[in-house]
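Engineer: Next up is a structure, given as structure tokens.
The values are calculated or read from the model by the stated rules, or taken from the named source; none is laboratory data. A quick note: this is a predicted structure, and the numbers were derived from the prediction, not measured. Please note: Cβ atoms are built from the backbone with ideal geometry, for glycine as well, and neighbour counts cover all protein chains shown. We work out accessible area using only protein heavy atoms, side chains counted, and drop any ligands, DNA or RNA first. Shrake-Rupley method; radii C 1.70, N 1.55, O 1.52, S 1.80 Å.
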Amino acid sequence: MAAQILDGKTMSEEIRREVAERAAALKERGVTPGLAVILVGNDPASEIYVRNKGKGCEETGMLSRTIRMDASASQDELENEIEKLNRDDAIHGILVQLPLPAHLDEQAALAKILPEKDVDGFHMINAGRLMTGTEGVVPCTPKGALYMIRSTGIDLNGREAVVIGRSNIVGKPMAMLLLQQNCTVTVCHSRTKDLASHTRRADILVAAVGKPGFVTADMVKPGAVVIDVGINRVDGKVCGDVDFQAVREVAGWITPVPGGVGKMTIAMLLMNTVDAAERAAGRA
Ligand code: NAD
């Protein structure tokens, strides 16, 4: 039997409705949640992401501000913008759109964002909080992926989870979240030997590699939950890391691309922003 589709569009709409309600409640208290996005240069893919984030804010009743900086901006100029936003009470969430031009130091810039305004969850304080299981801001993509995994209703305790990819923004935080759910977690990467021997044991398989069609049907355990984080472009069309048509015949649940994890990422960014605004309003 073909896998059940985990529909990111429907799930993200539910989250957006909740965010809109919470934003409206804050507005009644005189607080409009605000997200600022810093875009350095004019990478076309980044332009699309930034536009979608702005649209998401408007649709949920939040303030969105885009700070555009020239591709030749210096590290000091970038960090000055971040510091201005740190001091701005109308802004509850700050996001630096990645990747930055090669001459800029990404980690140093992210470290300048106030951890409570770091709605991407990339600041090392938030990474440390996730690592130690204390409350912090969780990165949007793995947070959205976990929401989709939990929507299957399966008991995650003691399940084998395999994450392919070990980036700081997807693979590592995904592994931490699955560990918090009491899964037995294996992280695979480009140096992993005999990858399929790991993936075939996975009750939950998350692919965050960036290679189209990388996960094939023979790598998947029958009935597994398969989460495809990849966003790749082939002949102008967007596709994931999973050979969707073949894997859906083996898996129990699968996320499509497009219409899967990507939709959840923006919804979780909006949720992290309204969370930050509520925390700030609570402190005010
Ligand atoms: P990355 O390039 O930082 O990491 C890729 C990972 O894949 C690395 O850890 C690497 O070790 C691993 N890898 C590469 N080749 C491998 C191989 N042959 N076998 C096993 N592992 C291998 O990428 P990233 O930022 O983590 O993103 C991964 C994918 O997810 C990309 O397609 C990206 O566009 C997409 N992405 C999607 C969203 C979303 O919202 N859906 C968000 C972030 C990233």
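Engineer: When you go through (1) open to solvent by less than 20 Å² (accessible area, probe 1.4 Å); (2) away from the ligand (no atom under 16 Å from the Cβ) one by one for VAL250, which number turns out not to apply?
Structural biologist: (1)
Engineer: Starting from the stretch 144-168, keep only residues that are under 18 Å from ILE231 (Cβ atoms) and basic (Lys, Arg), then list their pairs with residues that are open to solvent by 50 Å² or more (accessible area, probe 1.4 Å) and part of a strand (DSSP E or B) whose Cβ atoms are within a distance under 7 Å, requiring at least 6 positions of separation or different chains.
Structural biologist: ARG166/VAL187
Engineer: Looking at GLY236, GLY165, can you tell me which residue is on the phi > 0 side of the Ramachandran plot and modelled with pLDDT of 95 or more?
Structural biologist: On the way: GLY236 fails: modelled with pLDDT of 95 or more.
Residue meeting the stated conditions: GLY165.
Engineer: Taking MET174 as the residue in question, decide whether it is more than 10 Å from the ligand (Cβ to nearest atom) and within 22 Å of THR265 (Cα to Cα).
Structural biologist: no
Engineer: Quick one: is ALA280 in a helix (DSSP H, G or I) and over 25 Å from PHE122 (Cα atoms)?
Structural biologist: Here the answer is no, as ALA280 does not meet what is asked.
Engineer: What's the total number of residues in the stretch 182-212 that are surrounded by fewer than 18 Cβ atoms within 10 Å (Cβ to Cβ) and away from the ligand (no atom under 12 Å from the Cβ)?
Structural biologist: Number of matching residues: 5.
Engineer: What number of residues in the stretch 98-113 are buried (at least 16 other Cβ atoms within 10 Å of the Cβ) and aliphatic (A, V, I, L, M)?
Structural biologist: 6
Listed here are the residues, each with its yes/no results for (1) more than 11 Å from the ligand (Cβ to nearest atom); (2) aliphatic (A, V, I, L, M); (3) surrounded by fewer than 20 Cβ atoms within 10 Å (Cβ to Cβ); (4) part of a helix (DSSP H, G or I).
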{"position": "GLY144", "(1), (2), (3), (4)": "no, no, no, yes"}
{"position": "THR152", "(1), (2), (3), (4)": "yes, no, yes, no"}
{"position": "LEU156", "(1), (2), (3), (4)": "yes, yes, yes, no"}
{"position": "LEU178", "(1), (2), (3), (4)": "yes, yes, no, yes"}
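Engineer: So for the stretch 53-62 (the condition being farther than 16 Å from ARG279 by Cβ, free of Cβ contacts under 8 Å to residues at least 60 places away in the same chain and of a type in the set (Ser, Thr, Tyr)), does at least one residue qualify?
Structural biologist: no
Engineer: Taking the stretch 16-49, which residues are hydrophobic (A, V, I, L, M, F, W, C), modelled with pLDDT of 95 or more and either crowded, with 17+ Cβ neighbours inside 10 Å or under 19 Å from LEU100 (Cβ atoms) (or both)? Write out each step before concluding.
Structural biologist: Our first condition is that a residue be hydrophobic (A, V, I, L, M, F, W, C); within the stretch 16-49, this holds for 19-20, 23-26, 31, 35-40, 45, 48.
Of the ones still in play, those that are also modelled with pLDDT of 95 or more are 19-20, 23-26, 31, 35-40.
Correct list: VAL19, ALA23, LEU26, VAL31, LEU35, ALA36, VAL37, ILE38, LEU39, VAL40.
Engineer: Right, VAL229: of a type in the set (Val, Ile, Thr), touching a helix residue (DSSP H, G or I) at 6+ places or on another chain (Cβ under 6 Å) and within 11 Å of the ligand (Cβ to nearest atom) or not?
Structural biologist: Details: of a type in the set (Val, Ile, Thr): yes; touching a helix residue (DSSP H, G or I) at 6+ places or on another chain (Cβ under 6 Å): yes; within 11 Å of the ligand (Cβ to nearest atom): yes.
Yes, satisfied.
Engineer: Would you say THR273 is among the hydroxyl-bearing types (Ser, Thr, Tyr), buried (at least 19 other Cβ atoms within 10 Å of the Cβ) and within 15 Å of the ligand (Cβ to nearest atom)? Quick ask: steps written out before the conclusion?
Structural biologist: Details: among the hydroxyl-bearing types (Ser, Thr, Tyr): yes; buried (at least 19 other Cβ atoms within 10 Å of the Cβ): yes; within 15 Å of the ligand (Cβ to nearest atom): no.
Taking the combined requirement at face value, the residue does not satisfy it.
Engineer: Would you check which residues across the stretch 166-176 are assigned to a loop (DSSP other than H, G, I, E, B) and in contact with a strand residue (DSSP E or B) (Cβ under 7 Å, 6 or more places away or on another chain) and list them?
Structural biologist: Going through the stretch 166-176, the residues assigned to a loop (DSSP other than H, G, I, E, B) turn out to be 166-170.
Across the stretch 166-176, the qualifying residue is only ARG166.
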